[in-house]
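Laboratory data are not the source of any read-out in this text; all were calculated from the coordinates shown. Everything numeric in this text was worked out from a predicted model, so none of it was measured. Note that each Cβ is placed from the backbone with ideal geometry, even for glycine, and that neighbours are counted across all protein chains shown.
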Amino acid sequence: MLVDFLIHNIGELLTCSGPAPKRGQTQGDVRAIAGAAIAAHRGRIVFVGTDAGVAKMVDVEAGATIVDARGGSVVPGFVDPHTHVVFAGDRQGELRRRLAGATYSEIAASGGGILATVAATRAASDADLAAATRPRLEAMLQCGTTTAEAKSGYGLSVDSELKMLRVVAQLGDQPIELAATFMGAHEIGPEWRTNRRGYLELLIDGMIPRVARDRLAEWCDVFCEPGAFTVDESREILRAAKASGLKPRIHAEEFAPGGGARLAAELGARSADHLVCLDDPSLKELAAAGVIATLLPIAAFYLKLGRFAPARRLIAAAVPVALATDVNPGAGLSPSMPFAISLACFAMNLTFEEALVASTINAACALDRQDRVGSLEVGKQMDAVLVAGPPIDLVRVGVDTIRTVVKRGQLVYAR
Ligand SMILES: [Zn+2]
């Protein structure tokens, strides 16, 4: 078979192949090949196997990209299924105040917090917003992310929510492949503080039909949490979204148990995200409904929540677990899926293999892209990360362990 891309001399290749999402006993099923090679043609994988077998199996095209892994390891490109990466403005000053003891409400009262980002995002042009986002995507790529979700939710008006989603589409020129999520229900728009019903009607009658008509998003997300949107409001919004052809996902149980996970199960949402305060009855409903639990330990860490989602209990109940970074201007301060893996291992007691599956094939399932990305199998996209040493080196925060990142058979980052 003809190939135009080859990585050989791989010490260990973790394919994460097989039926997905992986749950319970199979959550850690990474399917390793020692002494491996992988080859692709026009961005699609055509060979995965042993280095010894590759020479007789493939016919390398003239001008092909050939990478000698020098005994390093290869894992699937990371999929980051929960980010708020598109925004304008900078809240670094707020961070220093928070570390000096200021509370979230004190910061919000002085014009900080999410509404500061809303003001800056509304004021930015499409081009400014795209330019502000590109370096963040570049940082994610350097950490091995080859597919990511990107939400709106800092516009909170028809025009600026549509603008955010147009920018996500425009960023399709970047190596990272993006899945767009409409999240006008991130917060009540500032003009609607005394008229919640008015904002709900704007979401349901004004924003969702426009987003669906212009095909600007694949998903609809709601911040279902005491103080944000109630379970009844979230249900109404997500049902309207579903009726318009947007698939539901949900922010649930981040700061308090509030019924968001149960709503995800009721609506058949693909993913329920955060789940830090998840109780056992809700956990059973997620399991029964087949909802993926997308956990964001980086957010719990930077918000100093003092606790993390019950990942071991989720795995024991056969809920498929995915990981994401939650890149955002407030507490999503790391673009690194390897950091999420480290926290999953050291703060949530996952095995390395379970955390790797959570960051690749299960994360692809959380974005409904499991047929194309998330594992290294014949027929899938050639999206991969080459680690200089053994794969477990990925948990060494602060060390440049990633040598090369591959997207669709192209070297998109090389150290
Ligand atoms: Zn979020």
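Only residues that are touching an Asp or Glu at 6+ places or on another chain (Cβ under 8 Å) and over 24 Å from S336 (Cα atoms) were counted across the stretch 121-156, and they come to 2. Looking only at residues of the stretch 309-338 that are without any contact (Cβ under 8 Å) to a residue 60 or more places away in the chain and not small (G, A, S), we find that the one that is nearest to the ligand (Cβ to nearest atom) is L323. Would you please name the residue that is farthest from V327 (Cα to Cα), looking only at residues in the stretch 253-277 that are in a loop (DSSP other than H, G, I, E, B), out of contact with any helix residue (DSSP H, G or I) (no Cβ under 6 Å at 6 or more places or on another chain) and more than 16 Å from the ligand (Cβ to nearest atom)? Result: G268.
Tell me the helices (runs of 4 or more DSSP H) entirely within the stretch 46-141 that contain at least 2 residues that are in contact with a helix residue (DSSP H, G or I) (Cβ under 8 Å, 6 or more places away or on another chain) and within 16 Å of the ligand (Cβ to nearest atom).
114-123
Under the condition of being touching a helix residue (DSSP H, G or I) at 6+ places or on another chain (Cβ under 7 Å) and without any contact (Cβ under 8 Å) to a residue 12 or more places away in the chain, the residues counted in the stretch 1-45 number 0. The set of residues in the stretch 278-307 being more than 12 Å from the chain's Cα centre (by Cα) and part of a loop (DSSP other than H, G, I, E, B) consists of L278, D279, G290, V291, L303, K304, L305, G306, R307.
Here's the yes/no breakdown for (1) under 24 Å from the mean Cα position of the chain (by Cα); (2) away from the ligand (no atom under 16 Å from the Cβ); (3) more than 26 Å from A169 (Cα to Cα):
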residue: W192; (1), (2), (3): no, yes, yes
residue: I208; (1), (2), (3): yes, yes, no
residue: R215; (1), (2), (3): yes, yes, no
residue: V222; (1), (2), (3): yes, no, no
residue: E225; (1), (2), (3): yes, no, yes
residue: D232; (1), (2), (3): no, yes, yes
residue: E236; (1), (2), (3): no, yes, yes
residue: A241; (1), (2), (3): yes, yes, no
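Determine whether R249 is surrounded by 24 or more Cβ atoms within 10 Å (Cβ to Cβ), within 16 Å of the ligand (Cβ to nearest atom) and of a type in the set (K, R). Considered against the rule, which asks whether it is surrounded by 24 or more Cβ atoms within 10 Å (Cβ to Cβ), within 16 Å of the ligand (Cβ to nearest atom) and of a type in the set (K, R), R249 comes out as yes.
Of all residues in the stretch 212-230, those that are more than 16 Å from L367 (Cα to Cα) have Cβ atoms under 7 Å from Cβ atoms of residues that are among the small types (G, A, S) and within 13 Å of the ligand (Cβ to nearest atom), 6 or more apart or on another chain, in F223/A185; C224/A252; C224/G260; E225/G260; F229/A185.
Screening the stretch 88-103 for residues that are exposed (fewer than 15 other Cβ atoms within 10 Å of the Cβ) and not small (G, A, S) and picking the one that is nearest to S160 (Cα to Cα) gives D90. Among the conditions (1) within 19 Å of R196 (Cα to Cα); (2) in contact (Cβ under 8 Å) with a residue 60 or more places away in the chain, R270 misses just one, which is (1).
Within the stretch 29-51, being β-branched (V, I, T) and crowded, with 19+ Cβ neighbours inside 10 Å holds for V30, I33, I38, I45, V46, V48. Screening V397, V327 for residues that are part of a loop (DSSP other than H, G, I, E, B) and either under 30 Å from V118 (Cβ atoms) or polar (S, T, N, Q) (or both) leaves exactly one candidate, V327.
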